[in-house]
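Remarks on the structure that follows.
None of the figures in this text is laboratory data; all of them are computed from the coordinates on show. All of these numbers come straight from a predicted model, not from anything done at the bench. Please note: Cβ atoms are built from the backbone with ideal geometry, for glycine as well, and neighbour counts cover all protein chains shown.
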Amino acid sequence: MLVTDKLLHLKEEIGKEVTLVAVSKTYPAELIQMAYHAGQRDFGENKVQELSEKAAVLPTDIRWHLIGHLQSNKVKYIASFVYLIHSVDSMKLLQEINKQAVKNNRIIRCLLQIHIAEEESKFGFSYAELNSIIEKKEFNTLTNVSIIGLMGMASNVGDESKIKHEFTGLKTFFDTIKKQFTSDFTILSMGMSGDYRRAISCGSNMVRIGSAIFGARN
Ligand SMILES: *Cc1c(COP(=O)(O)O)cnc(C)c1O
């Protein structure tokens with residue numbers, strides 16, 4: 001099936017309540033252009049350099065999502081245009097994003113990434129860390145950051161009940177912590193090609209899907 005057909009089928013399947021972020025990392029700009037022509041506007045990349053290079057040659061109304069681990073010293077390269085940063089995992093990073101947002105005279109939308117998987121390698125706050133971060137006084141000085149929700153990645157295993165447990169746990173936490181943020185706190189980004197159906201059934205309203213649209217990555 002063509003990229004455009006896969007995209008349209010997927011959009012129909014997930015419905016209007018769930019935002020589809022087409023994860024275009026490693027795929028060439030021409031494929032992104034095809035998806036764009038099929039109406040897709042939200043694209044996700046996991047590396048700052050690749051994101052910047054693609055943004056420079058693709059239509060300016062694309063909403064670019066940074067979904068991979070972000071080092072503080074690279075925030076400046078995307079601060080002027082990034083639409084949403086999904087992978088905020090430290091106070092230091094939040095402060096740097098705020099600083100660069102001030103410089104660019106804009107508000108940068110962020111999601112706080114929560115570590116829900118068992119694997120060591122996945123970044124993110126624990127539930128306890130997140131609770132303590134939002135109590136800190138620095139947290140209230142982030143004038144140019146808008147925290148609009150949470151992101152999580154489930155364990156990369158075939159164990160359905162485990163994945164369901166991780167997604168449900170994040171959804172429950174999201175609902176509990178919501179009242180401590182502004183009314184903009186509405187996004188729960190969870191679900192990828194292999195587990196988006198499960199994620200949506202557990203309450204996700206933003207999915208990040210790459211290979212199921214563009215084909216397997218090398
Ligand atoms: C690569 C990536 C995805 C998409 O993965 P697919 O399995 O290709 O859908 C989603 N989220 C993050 C954070 C990623 O790095």
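A few remarks follow.
- For GluC sites (Glu not before Pro), the sites in the stretch 70-137 that DSSP calls loop and that have at most 12 other Cβ atoms within 10 Å are E119, E120, E135.
- The loop-placed trypsin sites (Lys or Arg not before Pro) in the stretch 114-143, going by DSSP, that have at most 11 neighbouring Cβ atoms within 10 Å of their Cβ come out as K136.
- Summarising the amide proton neighbourhood of S87: residues at separation of 5 or more, or on other chains, whose placed amide H is nearer than 5 Å comprise L111.
- Debye log10 I(q)/I(0) for the stretch 102-218, one point scatterer per Cα, at q = 0.10, 0.15, 0.18, 0.20 Å⁻¹: -0.33, -0.71, -0.96, -1.12
- Cross-link table K54/K164; K11/K136; K136/K179; K99/K179; K137/K178, entries beyond 28 Å C-alpha to C-alpha: K54/K164; K11/K136
- Cα extents for the chain along the principal axes, largest to smallest and rounded to whole angstrom: 51, 43, 31.
- Gained length - T168 relative to N156, 0.36 nm times residue gap less alpha-carbon distance: 2.7 nm
- Under 10 Å, Cβ to Cβ, from M190 - net charge with Lys/Arg +1 and Asp/Glu -1: +1
- Remark on V23: its backbone amide H falls under 5 Å from those of G44, I209, G210, a criterion applied only to residues 5 or more positions apart or on other chains, H modelled at 1.01 Å from N.
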